[in-house]
Structure formats: structure tokens, C-alpha cells
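Take a look at the structure set out below.
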Amino acid sequence: MLKSGEILVFRTINKDGLSFGGHQWLLNNHVGSCPDWKNTSECGHGFHGLPWAVGSSNLVDVSFDRFFQVLKVDTRKGNYQEFDGKCKFNEYEQVFCKQNALVEVIQLIQQFAPANIPINWANQTAGNGANQTAGYKSTQTAGNGANQTAGIGTVQIIRYYKNGCKVKTRIITEKEANKPYKFENEDWVEIK
């Protein structure tokens, strides 16, 4: 699906197919380009989204009535800029667009994303000793000895055995966000 230099970008549009700024999007899969494109690292003059669903999650409205888009974007030909927790691009191919489809979008992006990037809203399951990296409001489930790094609001679940099967859960706070932790001796310990 992806060629060298191509990425998947996540963005949303309102129930009428309009994006912030008033651009009317087609709801079916299509290719397109920005009519007033400028290859600069500032807002305006391009389409915006989260590369691999990574970045400032507050820039994407995930309300239930929104349409969720996945766009294939070429990053190699003056078509792409990253700045301020988002990306800006000119040409794209829309490969997915569906209302109220956050889980489907994240699953699609996870299939093609590079390893160990902090995808927002991800759901990850791994075994003992696993390494997990997730973004904002994700869910991580792993076994004993797992290393977990996550964004604010992520739910971390560890299943382990000590005098019987046990489960420990926590929600990542601002203080804990984006720091690696290892689960040992029945608790999370920051890896220094």
C-alpha cells in the first residue's frame, strides 16, 4: 500500500464533509491537492493532520459525528512539512473515510506505521518483557517485566502471576507521560 517516502495521515472533517477553514472534502476515496499550497512550516496554504496519528491530539476532533479520514501522503517532493505537533501537505490520496470510526482508523494506521512510535488512541496488547510505546489516550496491556511509555490519559494494564493471577491498572498522568516505565515487583518503576 505504501511506497518509500509515503506515510498515513489522520484527520477529521465535520458531518457535512467540511474541514476547519471550510474546505469541502469528498467522502469517497479520491486523490486531491491544495489549490493554494505553499511549502512553508506555518499554518494555512495546505491540508493539515497528524502523521501516523502521532502529535497534538487536541488538533483533531474525535467527536462521534465526525468523519475520520486516512490520507496517503508523499513526504519526498516538497509536498510535506512537519511542525507544531502536526503535518501540512499538498497532494494526497484518501484511502479511508467513515463516520465515527476511530478504532478502525487506528487499526489501519498501526498496520503500516513504523515500530515504537507513540500513536494516539492506540490499543496495544503484548506479552511478558514486551516494549510498548503509545500516544495520548491509548490502552496498553502487557505481561510482567514489560516496558511501557505512553501519553497522558493512556490506560496501562499489567497481567502477572504472584500467588495466583493478578491485574494492575493505572491511567497515565501529566507527570508520568512520555517516560519509560518497567513493571517489576508488582508496580511500575521509571527507567532512568
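What follows is calculated from the coordinates using simple rules that are stated; it is not laboratory data. As the structure is a computational prediction, the values presented were derived from the model and not from experiment. Please note: Cβ atoms are built from the backbone with ideal geometry, for glycine as well, and neighbour counts cover all protein chains shown.
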remark   = The FRET efficiency for Gln107 and Glu6, from their Cβ-Cβ distance with R0 = 22 Å and rounded to 0.05, is 0.75
note = Longest principal axis of the chain (C-alpha) makes with the long axis of helix 102-112 (C-alpha) an angle, in degrees to the nearest 10, of 90 degrees
inquiry  = Just want the answer: with Cβ charges of +1 for Lys and Arg and -1 for Asp and Glu, which residue in Leu27, Leu71, Asn163 is farthest toward the dipole's positive end in the chain?
reply    = Asn163
key: Least to most buried among His48, His30 (fewest other Cβ within 10 Å first)   = His30, His48
Environment charge at Gly44 (Cβ cut-off 10 Å; Lys +1, Arg +1, Asp -1, Glu -1) = 0
key: Radius of gyration, Dmax [region 1-63; alpha carbons; angstrom]   = 12.5, 33
ask   = How far apart, in nm, are two points set 7 Å out from the Cα along the Cα-to-Cβ line at Lys98 and at Gln24?
value = 2.6 nm
task = Using only Cα positions of the chain, each an equal point scatterer, no hydration layer, compute I(q)/I(0) via Debye at q = 0.14 Å⁻¹ and quote the log10 values to two decimals.
result = -0.80
message = Can you return the lysines within cross-link range of Lys72? Criterion is Cα-Cα under 17 Å, with same-chain partners fewer than 8 residues away left out.
response = Lys3, Lys86, Lys88, Lys98
ask   = Within the chain, which is the longest segment containing none of the chymotrypsin sites (Phe, Trp or Tyr not before Pro) that sit in a DSSP loop and have at most 14 other Cβ atoms within 10 Å?
value = 65-192
ask   = When we measure straight from the Cα of Lys192, which lysines land under 25 angstrom away, once same-chain ones fewer than 8 places off are left out?
value = Lys137, Lys168, Lys175, Lys179, Lys182
query = In whole Å and largest first, what semi-axes does the C-alpha gyration tensor of region 6-112 yield when each eigenvalue is scaled by 5 and square-rooted?
reply = 19, 15, 13
query = In angstroms, what radius of gyration and Dmax does region 85-170 have, counting Cα atoms only?
reply = 15.5, 57
query = For Ala177 and Asp61 in the same chain, what is the full-extension length gain: residue separation times 0.36 nm, less their Cα-Cα distance, in nm?
reply = 39.6 nm
